[in-house]
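Engineer: For reference, the structure I am asking about is given below.
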Amino acid sequence: MACLPAELGFLGDENLHVQGLENARAVVVPCPLEASVCYGAGTSRGPQAILEASHQVETWDEELGIDLGASLRIATLEPLEVHGTIAEVQARLARTVGDLLDRGVFPLILGGEHSLTPGGVQAAARRFPGLTVLQIDAHADLRDGYQGHADSHASAMRRCLDDPAIRIVGVGIRSMSAPEARFAAQNPQRVRHFLARGRRWTPAEVLEAVEGPVYLSVDLDGLDSSLVPATGTPEPGGLFWEETLDLLRALFRERRVVAADVVELAPLPGQPASDYLAARLASKILAYALSGA
């Protein structure tokens with residue numbers, strides 16, 4: 001696995017004291033997959049936009065009192081090859097994430113469309129039995145296929161559930177088809193949703209539903225579209241910044257999160273706010289993962 005030079009990777013040349021994978025504590029995996037988008041396009045440009053925006057993120061984390069650049073040692077791989085079918089990309093990503101987990105580092109995948117997630121989940125589930133996927137998302141992603149793709153971004157969580165040992169806890173959900181709603185209702189032991197509408201739940205209530213080790217998957221459209229308009233299918237009524245961090249802080253403090261992804265950024269020319277939010281969110285995930293939050 002080849003790494004980008006520090007000045008081109010996550011946090012840029014302020015990411016000090018990392019020499020490739022040898023002493024990394026976390027590894028960022030850009031995966032510019034765009035194969036089944038069905039509305040707005042552009043996820044293939046998402047990982048690079050996040051990396052470039054991360055160069056503007058201050059490495060001092062004011063909440064945790066740590067310098068991400070000086071203490072966390074974050075390496076960045078060269079972008080994953082995304083030629084071939086979605087299933088082939090998932091398998092390629094599973095091998096990469098598996099190798100990183102075997103090294104004892106924390107993998108953070110930057111997407112790319114959400115259909116990449118089953119690859120990362122597969123690698124984590126093989127090494128951490130009893131895995132729960134905590135999904136922050138506007139959409140349930142439980143279709144058994146969409147527009148001719150069994151591995152569509154609209155089927156990401158359904159493909160994760162092809163492994164009978166995996167459970168899904170979705171947060172911020174506010175859009176699903178009737179078949180998805182029926183599937184969730186028929187599988188209450190494996191699928192639990194905390195809807196965005198009404199916000200009657202707390203982080204503690206979400207975590208009560210999260211068992212075992214955790215794979216965190218953040219579809220950026222889970223956040224409100226006023227914060228992140230640069231997604232393929234923006235939905236109003238989503239999570240806001242502080243409540244998202246409240247949930248993530250509690251998750252990393254109280255559960256073992258073994259890997260994560262941030263997906264579905266579709267950059268808009270001349271509008272860098274979404275890119276920067278994605279980069280800042282990625283930095284918070286890494287800070288929580290490596291600091292003990």
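Readers should treat all values here as calculations from the given coordinates under stated rules, not as data from a laboratory. Here the structure is a predicted model, which is why all the values come from computation and not from measurement. Positions of Cβ are backbone-derived with ideal geometry, glycine not excepted, and every protein chain shown enters the neighbour counts.
Engineer: If you take every DSSP beta bridge whose two residues both sit in the chain, what share of them, in percent to the nearest 5, is antiparallel?
Structural biologist: Taking every DSSP beta bridge with both residues in the chain, the antiparallel ones total about 15 percent.
Engineer: Let me ask something else. With the chain treated as a Gaussian network of Cα nodes joined by springs under 10 Å, which of A178, A49, A87 yields the largest mean-square fluctuation?
Structural biologist: Among A178, A49, A87, the largest GNM mean-square fluctuation belongs to A178.
Engineer: Once you place label points 7 Å from the Cα toward the Cβ at A70 and D162, how far apart are they in nm?
Structural biologist: In this crude label model, A70 to D162 measures out at 4.7 nm.
Engineer: Report, largest value first, the span of the C-alpha coordinates of the chain along each principal axis, in whole Å.
Structural biologist: For the chain, the Cα spread along each principal axis is 50, 41, 41 Å.
Engineer: Using Cα-Cα distances under 8 Å and only pairs 6 or more residues apart, what relative contact order does the chain have, in percent?
Structural biologist: 22 percent.
Engineer: Do any GluC sites (Glu not before Pro) in segment 52-88 lie in a DSSP loop with no more than 14 other beta carbon atoms within 10 Å, and if so, which?
Structural biologist: E58, E62, E63, E81
Engineer: Only sites in a loop by DSSP and with at most 16 other Cβ atoms within 10 Å count here; which chymotrypsin sites (Phe, Trp or Tyr not before Pro) in segment 161-202 make the cut?
Structural biologist: For chymotrypsin sites (Phe, Trp or Tyr not before Pro) across segment 161-202 that sit outside H, G, I, E and B with at most 16 neighbouring Cβ atoms in 10 Å, the list reads W201.
Engineer: Moving on. Using Cα pairs under 8 angstrom and six or more residues apart, how large is the relative contact order of segment 1-134, in percent?
Structural biologist: With pairs under 8 Å counted, the relative contact order is 35 percent.
Engineer: Sorting T117, T132 on the 10 Å Cβ count, fewest up front, what's the list?
Structural biologist: Exposure proxy ranking, most exposed first: T132, T117.
Engineer: Still on this model: Return the single residue from A209, A138, A125 with maximal mean-square fluctuation; model: Gaussian network over the chain, springs between Cα atoms under 10 Å.
Structural biologist: Of the options given, A209 has the highest mean-square fluctuation.
Engineer: While we're here: Can you work out ³J(HN,Hα) from phi for every residue in segment 98-113, in order, using Karplus 6.51 cos²θ - 1.76 cosθ + 1.60 and θ = phi - 60°, giving whole Hz and x for Gly and Pro?
Structural biologist: Going residue by residue, I get x, 4, 5, 4, 5, 7, x, 9, 9, x, 10, 8, 10, x, x, 7 Hz, with x marking Gly and Pro.
Engineer: Within segment 1-80, which chymotrypsin sites (Phe, Trp or Tyr not before Pro) sit in a loop by DSSP and count at most 16 neighbouring Cβ atoms inside 10 Å?
Structural biologist: Y39
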